[in-house]
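See structure below.
The values are calculated or read from the model by the stated rules, or taken from the named source; none is laboratory data. Please read all numbers here as calculations on a predicted model, not as lab measurements. Methodologically, a virtual Cβ is constructed for each residue, glycine included, from the backbone with ideal geometry; neighbour enumeration extends over all protein chains shown.
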């Protein structure tokens, strides 16, 4: 019995805008809650024409206000872009408004390229590695702000102090897996776009995990791209949007999320096809029986404690339908 959750990038499509993306996210989070998904996470990305979730905590407040019970979280906040105190205050505010429903996932990447990262951090002459090296200290500082206040504590996060905000570490390499294990925190691996080191990171996290006040045992979430439709051909057509978007992003030319095309129209080189297949290998694309088989095989092999699924589909109604099919698969297989 493992929970299924949703990762939403609040997609800006080529026929829409940010306002439409937010409207669709609000509808999708309500749909996910109705279907019984456990969490609904949004991610911090900057200066990307296809993603509207840059102000992650603001969007989370909007989505939490549209729902009643589903957990709403950041998957994640890119901590090097922010002072830990500011994040503690933002998520303390959210946890006070929506008690027992807020998650905080932390990443160490900038959420964009280095030019945008410098604009975010206002230190254009500082080497990026200096900021990355502070990540463990910043995580510890942030965790400390959520603790009960201590006599003589010099800085107190208000709101934030004493708040119940579960903190996750996110990653696509061994770095955050090792840090999550050392701190006894739950860990989410970005297998939906960077699966190359997944096996090693999963093994390392479980092997090196140290029990803590946060968790007594390791807790692993894995991500998967899922495009489910009533027919195999329709699912494969819908998935071309994500393939085209990902290819544009990797080539340094990000774009709004494109409408799908017939897969036969995609004219990529053999090298480009290999890149896409490798990066997006953690995917379940197809009609219900095919998607069910892939998800069950993935869970059986990796034994995650939770699964978080993207719904990278251009058409909003098709995106809703994909979640409905996944919810049916979850129920048919006795999953949470």
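What to note about this one:
- Test: residue in region 199-209 that is farther than 30 Å from residue 275 by Cβ, over 21 Å from the mean Cα position of the chain (by Cα) and buried (at least 22 other Cβ atoms within 10 Å of the Cβ): yes
- In region 304-332, the residue that is surrounded by the fewest Cβ atoms within 10 Å (Cβ to Cβ) out of those that are under 19 Å from residue 223 (Cβ atoms) and over 19 Å from the mean Cα position of the chain (by Cα) is 325.
- When residue 296 is tested against (1) under 20 Å from the mean Cα position of the chain (by Cα); (2) closer than 26 Å to residue 73 by Cα; (3) surrounded by fewer than 21 Cβ atoms within 10 Å (Cβ to Cβ), only condition (1) is not met.
- The set of residues from region 137-157 being out of contact with any strand residue (DSSP E or B) (no Cβ under 9 Å at 6 or more places or on another chain) and under 16 Å from residue 213 (Cβ atoms) comprises 140, 144, 145, 147, 148, 150.
- Residue tally, condition in a helix (DSSP H, G or I) and either within 17 Å of residue 38 (Cα to Cα) or touching a strand residue (DSSP E or B) at 6+ places or on another chain (Cβ under 9 Å) (or both), over region 298-307: 3
- Index of the failed condition, residue 173 passing every other in (1) at pLDDT 95 or above; (2) surrounded by fewer than 21 Cβ atoms within 10 Å (Cβ to Cβ): (1)
- Among the residues of region 217-247, those that are free of Cβ contacts under 8 Å to residues at least 24 places away in the same chain and either surrounded by 24 or more Cβ atoms within 10 Å (Cβ to Cβ) or over 24 Å from residue 327 (Cα atoms) (or both) comprise 217, 244.
- Evaluating residue 234 against the criteria (1) in contact with a strand residue (DSSP E or B) (Cβ under 8 Å, 6 or more places away or on another chain); (2) outside any loop (DSSP other than H, G, I, E, B) leaves one unmet condition, (1).
- Flag if residue 288 is surrounded by 14 or more Cβ atoms within 10 Å (Cβ to Cβ) and closer than 18 Å to residue 313 by Cα: yes
- Total residues in region 19-74, condition closer than 28 Å to residue 2 by Cβ and part of a loop (DSSP other than H, G, I, E, B): 12
- Residue check, residue 155 on the phi < 0 side of the Ramachandran plot, touching a helix residue (DSSP H, G or I) at 6+ places or on another chain (Cβ under 9 Å), surrounded by 14 or more Cβ atoms within 10 Å (Cβ to Cβ) and in a loop (DSSP other than H, G, I, E, B): no
- Region 214-231, residues that are touching a strand residue (DSSP E or B) at 6+ places or on another chain (Cβ under 8 Å), closer than 30 Å to residue 165 by Cα and part of a loop (DSSP other than H, G, I, E, B): 214, 218, 219
- Selection count, region 286-302, where residues are within 22 Å of residue 188 (Cα to Cα) and touching a residue at least 60 places away in the same chain (Cβ under 8 Å): 5
- In region 1-15, the residues that are in contact with a helix residue (DSSP H, G or I) (Cβ under 8 Å, 6 or more places away or on another chain), part of a loop (DSSP other than H, G, I, E, B) and at pLDDT 95 or above: 10, 12
- Selection status of residue 258, under 26 Å from residue 21 (Cα atoms) and touching a helix residue (DSSP H, G or I) at 6+ places or on another chain (Cβ under 8 Å): yes
- Across region 165-209, the number of residues qualifying as closer than 27 Å to residue 147 by Cα, touching a helix residue (DSSP H, G or I) at 6+ places or on another chain (Cβ under 6 Å) and part of a loop (DSSP other than H, G, I, E, B) comes to 2.
- Residue identified as in contact with a strand residue (DSSP E or B) (Cβ under 9 Å, 6 or more places away or on another chain) and either under 20 Å from residue 170 (Cβ atoms) or surrounded by fewer than 18 Cβ atoms within 10 Å (Cβ to Cβ) (or both) among 9, 28: 9
- Only a single criterion out of (1) over 19 Å from the mean Cα position of the chain (by Cα); (2) assigned to a helix (DSSP H, G or I); (3) modelled with pLDDT of 95 or more is not satisfied by residue 248, namely (3).
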